[in-house]
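This report refers to the structure that appears directly beneath it.
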């Protein structure tokens, strides 16, 4: 299962290129592990992208796992009510 490091920033500036990278992985893998442990900056666009990724993965029956999630990522997801959808409860 390929590992995708989300780096330190998950904001509107990264959404377009990250979306392309994830969709490319979906074409070639049956699962993806996301590493969000280093995320320091996250905004609504970044969380929305992750929510769309989770929905798309479910439709394509692609497994998504987390290898880590920063406190900033968890807080942003919780504030938007998307922590459960993103599967961040157990990371």
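The values are calculated or read from the model by the stated rules, or taken from the named source; none is laboratory data. Since we're looking at a predicted model, the values are computed, not measured. Here Cβ is always computed from backbone atoms with ideal geometry, including for glycine, and neighbour counts include all displayed protein chains.
Laid out as a table, the results:
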read-out	value
Every pair of residues 6+ apart whose Cβ atoms lie under 7 Å, when the first sits in region 42-62 and is touching a residue at least 40 places away in the same chain (Cβ under 8 Å) while the second is part of a helix (DSSP H, G or I)	50/86
Some residue of region 25-36 being in contact (Cβ under 8 Å) with a residue 12 or more places away in the chain, part of a loop (DSSP other than H, G, I, E, B) and closer than 19 Å to residue 78 by Cβ	no
Residues located in region 71-91, provided they are touching a strand residue (DSSP E or B) at 6+ places or on another chain (Cβ under 6 Å) and either touching a residue at least 40 places away in the same chain (Cβ under 8 Å) or in a loop (DSSP other than H, G, I, E, B) (or both)	73, 88, 91
Extreme residue, nearest to the chain's Cα centre (by Cα), among residues of region 37-50 that are buried (at least 17 other Cβ atoms within 10 Å of the Cβ) and in a helix (DSSP H, G or I)	50
Check on residue 60, out of contact with any helix residue (DSSP H, G or I) (no Cβ under 8 Å at 6 or more places or on another chain) and either at pLDDT 95 or above or more than 19 Å from residue 8 (Cα to Cα) (or both)	no
Flag for residue 53 being out of contact with any strand residue (DSSP E or B) (no Cβ under 6 Å at 6 or more places or on another chain) and either crowded, with 19+ Cβ neighbours inside 10 Å or assigned to a loop (DSSP other than H, G, I, E, B) (or both)	yes
